[in-house]
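Written out below as structure tokens is the structure these notes cover.
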Amino acid sequence: MLDEFTRTRMLLGEEAMERLRRARVAVFGVGGVGGHAVEALARSGIGTLDLIDDDRVNITNINRQVIALHSTLGQYKVDAAKARILDIHPETVVNVYRTFFTPETAHAFDFTQYDYVLDAIDTVSGKLELAVRAKEAGVPLVSCMGAGNKLDPAAFVVTDISKTSVCPLARVMRRELRKRGIEHLTVVYSTEPARTPLPDPDVESSARRSVPASNAFVPAVAGLIAASKIIGDLSSASPALEG
């Protein structure tokens, strides 16, 4: 019988699709990168998705975030994403947490219940905490490095954090992870040097911190690559437990 996943099943097979249906994936950060990853995970048949983000959709998100529409302005991103997922596949279990993930809020999450974790958040402290918690729980993690101030979507690669270069965020993560006894972490990162954004007085007057420039395609590609890594591992008979 034809269903939402017929074309995917033709590639992966019935057993792989059943593994995806039974899987539970946590996505931390549902913005430009995480939102596209969530979309791909939902359209690939992941059975349970946990979405963690405390931000609301605003007008400047529309250029790059798949959940950002004029009709969703002001909504929590996790709520907008949940509505979209259920419109794609009503049987998906979607758990939403309007939470800003930090070392202080990490205790609210039991990482042992996840089959995979995606890190698509911006803060170094949060990213490091995710790496520590995932390692302690023995759950695979893919962590997305910087996607702002870049124009080349073809420059993204999936690799180990130890093999990264160019990316300032990856450099900081390498150093801080070593302090925590973590030598390896699967990352999606760009080999393109970041560009300097043009000044915008409206952004500068309203921003509390440095705001990167972005576009419709670079964060999307990073999110889709991260999702493909997760789908590939979970749909195989012996998922690669990296991180």
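Taken together, the values in this text are just the output of simple stated rules run on the coordinates, not laboratory data. As the structure is a prediction and not an experimental result, all values here were calculated from the model. Note that each Cβ is placed from the backbone with ideal geometry, even for glycine, and that neighbours are counted across all protein chains shown.
Is there a quick way to get the dipole size of region 76-200? I mean about its Cα centre, with the Cβ of Lys and Arg at +1 and of Asp and Glu at -1; what is the value in debye to the nearest 20?
The calculated dipole for region 76-200 is roughly 440 debye.
Considering the dipole of the chain built from charges on the beta carbon (Lys and Arg +1, Asp and Glu -1) around the Cα centre, which of 107, 164, 118 is farthest to its positive end? Going by the Cα projections, it comes out as 164. Where is the GNM fluctuation largest for the chain (alpha-carbon springs, 10 angstrom cutoff): 50, 79, 200? So, out of 50, 79, 200, the one fluctuating most is 200.
Annotated for region 13-235: lysine pairs at least 8 residues apart or interchain, Cα distance under 25 Å, count 17. Taking amide hydrogens as placed 1.01 Å from N in the peptide plane, the amide H of residue 116 sits under 5 Å from those of 24, 26, each at least 5 positions away in sequence or on another chain. Close amide H pairs (under 5 Å, H built 1.01 Å from N) link residue 96 with 51, residues at least 5 positions away or on another chain. Among 12, 49, 141, which one moves the most in a GNM of the chain with springs linking Cα atoms closer than 10 Å? Of 12, 49, 141, the Gaussian network model singles out 12 as fluctuating most.
Output the antiparallel fraction of DSSP beta bridges having both residues in the chain, as a percent to the nearest 5.
DSSP beta bridges in the chain are roughly 25 percent antiparallel.
Semi-axes of the equivalent ellipsoid of region 13-235 are 25, 22, 17 Å, computed as sqrt(5λ) over the eigenvalues of the C-alpha gyration tensor in descending order.
Of 190, 71, 162, the residue with the greatest mean-square motion in the GNM of the chain, using alpha carbon springs below 10 Å, is 71.
Listed from fewest to most Cβ neighbours within 10 Å, the set 33, 132 follows the order 132, 33. Length available on full extension from residue 236 to residue 179: 0.36 nm per residue minus the Cα-Cα distance, which gives 17.2 nm.
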